[in-house]
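The values are calculated or read from the model by the stated rules, or taken from the named source; none is laboratory data. Everything numeric here is computed off the predicted structure, so don't read it as measured data. Positions of Cβ are generated from backbone atoms using ideal geometry, with glycine treated the same way; all protein chains shown enter the neighbour counts.
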């Protein structure tokens, strides 16, 4: 089955800096890659997603890139703000079977 | 539009007791998922329903866990008997049901087994 690895497990940046989180997946049939943000005690919230027919997608300060050949995808957050502090999960999906990475705890220091 | 609803939000029980969690998905969403999330980890799939059919329950510990979605709308997940290691957050999610569709999560039920 699908195996998703996520790095780093923790990331601390200064407010205004950029943050990058990377994930790799094992199943070449995976075709949908969402990113979720989860604040403490809250539900995972979708922040951006990308499908396998697209290499890059951007939404304001958030962007995701996908390299199908290398089977890795990345989340980029620019101009980070303290409210970006949370745990971020990547996931890889094939036919509604979604497997998650272990998460990255992002801390943005004011 | 209402999101995925789960109840209860918190549950504390003693080991060997039964417990049940309820989920109501977003209206019109045919696919429903139950996940287990341990502290500091990503969600892990327990069971996936497409309408009322359980299409993937390979990760569900069937000796103590059971689930149902009788009318293809809301769903119940049960543990009987609960063990200490079952303490976790149980998340429900739903999607429209098209292949590789976006999943929307409920707030989860935090279970503590004493």
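What residue, among those in region B:86-102 that are more than 11 Å from the chain's Cα centre (by Cα) and modelled with pLDDT of 95 or more, is nearest to residue B:25 (Cα to Cα)? Quick ask: steps written out before the conclusion?
If we filter region B:86-102 for residues that are more than 11 Å from the chain's Cα centre (by Cα), which is where we start, we get B:86-88, B:95-102.
From what's left, modelled with pLDDT of 95 or more: B:86-88.
Values: B:86: 23, B:87: 23, B:88: 21 Å.
The qualifying residue nearest to residue B:25 (Cα to Cα) is B:88.
Quick one: residue B:32 ticks every box in (1) more than 14 Å from every other protein chain (Cβ to nearest Cβ); (2) assigned to a strand (DSSP E or B) bar one, so which box is it?
(1)
All but one of (1) surrounded by fewer than 17 Cβ atoms within 10 Å (Cβ to Cβ); (2) within 14 Å of chain B (Cβ to nearest Cβ); (3) closer than 17 Å to residue A:24 by Cα hold for residue A:45; state the number of the condition that does not hold.
(3)
Table: residues versus (1) closer than 25 Å to residue A:87 by Cα; (2) in contact (Cβ under 8 Å) with a residue 12 or more places away in the chain; (3) not in a loop (DSSP other than H, G, I, E, B).
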position: B:11; (1), (2), (3): yes, yes, yes
position: B:16; (1), (2), (3): no, yes, no
position: B:27; (1), (2), (3): no, yes, no
position: B:40; (1), (2), (3): yes, no, no
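Of the residues A:70, A:102, only one is within 14 Å of another protein chain (Cβ to nearest Cβ), in contact with a strand residue (DSSP E or B) (Cβ under 9 Å, 6 or more places away or on another chain), surrounded by fewer than 21 Cβ atoms within 10 Å (Cβ to Cβ) and farther than 20 Å from residue B:98 by Cα; which? Steps first, please.
On the way: A:70 fails: within 14 Å of another protein chain (Cβ to nearest Cβ).
None of the other options fit; the residue is A:102.
Can you tell me which residues in region B:13-30 are buried (at least 17 other Cβ atoms within 10 Å of the Cβ) and closer than 26 Å to residue B:102 by Cα?
B:21, B:23, B:24, B:25, B:26, B:29, B:30
For region B:58-97, enumerate the residues that are within 14 Å of chain A (Cβ to nearest Cβ) and more than 22 Å from residue B:11 (Cβ to Cβ).
Selection gives B:58, B:95, B:96, B:97.
Got a sec? Which strands (runs of 3 or more DSSP E) wholly within region B:42-97 have at least 3 residues that are surrounded by 20 or more Cβ atoms within 10 Å (Cβ to Cβ)?
Details: elements: B:44-50, B:53-56, B:65-68, B:75-79, B:88-95.
Filter on region B:42-97 gives B:44-50, B:75-79, B:88-95.
Select from region B:98-114 the residues that are within 11 Å of chain A (Cβ to nearest Cβ) and assigned to a loop (DSSP other than H, G, I, E, B) and list them in ascending order.
B:98, B:99, B:100, B:101, B:102, B:103, B:106, B:107, B:108, listed by residue number.
I'd like the residue in region A:12-42 that is crowded, with 17+ Cβ neighbours inside 10 Å and more than 17 Å from residue A:66 (Cα to Cα) and, out of all such residues, is nearest to the other protein chains (Cβ to nearest Cβ).
A:38
Out of region B:35-53, which residues are at pLDDT below 95 and more than 12 Å from chain A (Cβ to nearest Cβ)?
B:51, B:52, B:53
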